[in-house]
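The values are calculated or read from the model by the stated rules, or taken from the named source; none is laboratory data. It should be emphasised that the depicted structure is a prediction, and the values quoted were computed from it without experimental measurement. Ideal geometry is used to build each Cβ from the backbone, glycine not excepted, and the neighbour counts take in all protein chains shown.
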Amino acid sequence: MKVILVIIYLLLTVSGLILMKKGGNAGKISILAGEFNLSISLVSCLGFICYICSFLLYTRIVMMFDNLSYITPICTGASQVMIILASWLILKEQLTGLNIGGAALIIAGVIVMNLKA
């Protein structure tokens, strides 16, 4: 169950960020004559909802695992690597050697942090 929740968290985080970026609209807020208006694209709104849900799920995941220093690096590292890949695949962002090297360092760091001494 814990692993499934972590996977759902990762999917929500990555999809939230990608959708917000694809929506291309950070939102426009205005207060005119005592009226509050918020304008945001549907895609950005869906991304925002995914990201909020991922945050709420992350708080649950943190409470489920006994060791915070175990789950936090795994979730953070995995999400960073998945964001790099999703940005390349979906947003057609350029993938450089530095991106790949950075992702490899993240993965290596998570592995080293969780080795049993």
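From G101, G47, grab the single residue that is touching a helix residue (DSSP H, G or I) at 6+ places or on another chain (Cβ under 7 Å) and either without any contact (Cβ under 8 Å) to a residue 24 or more places away in the chain or surrounded by 14 or more Cβ atoms within 10 Å (Cβ to Cβ) (or both). So the residue among G101, G47 that is touching a helix residue (DSSP H, G or I) at 6+ places or on another chain (Cβ under 7 Å) and either without any contact (Cβ under 8 Å) to a residue 24 or more places away in the chain or surrounded by 14 or more Cβ atoms within 10 Å (Cβ to Cβ) (or both) is G47. Scanning region 65-98 for residues that are of a type in the set (A, V, I, L, M), over 17 Å from L115 (Cα atoms) and free of Cβ contacts under 8 Å to residues at least 40 places away in the same chain yields V81, I84, L85, L89, L95, L98.
Here's the yes/no breakdown for (1) within 19 Å of the chain's Cα centre (by Cα); (2) under 15 Å from L17 (Cβ atoms):
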| site | (1), (2) |
| --- | --- |
| E35 | no, no |
| F48 | yes, yes |
| I74 | yes, no |
| M82 | yes, yes |
| K92 | yes, no |
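Screening the candidates K28, K92 for the property of being charged (D, E, K, R), exposed (fewer than 10 other Cβ atoms within 10 Å of the Cβ) and modelled with pLDDT under 90 yields one hit, K28.
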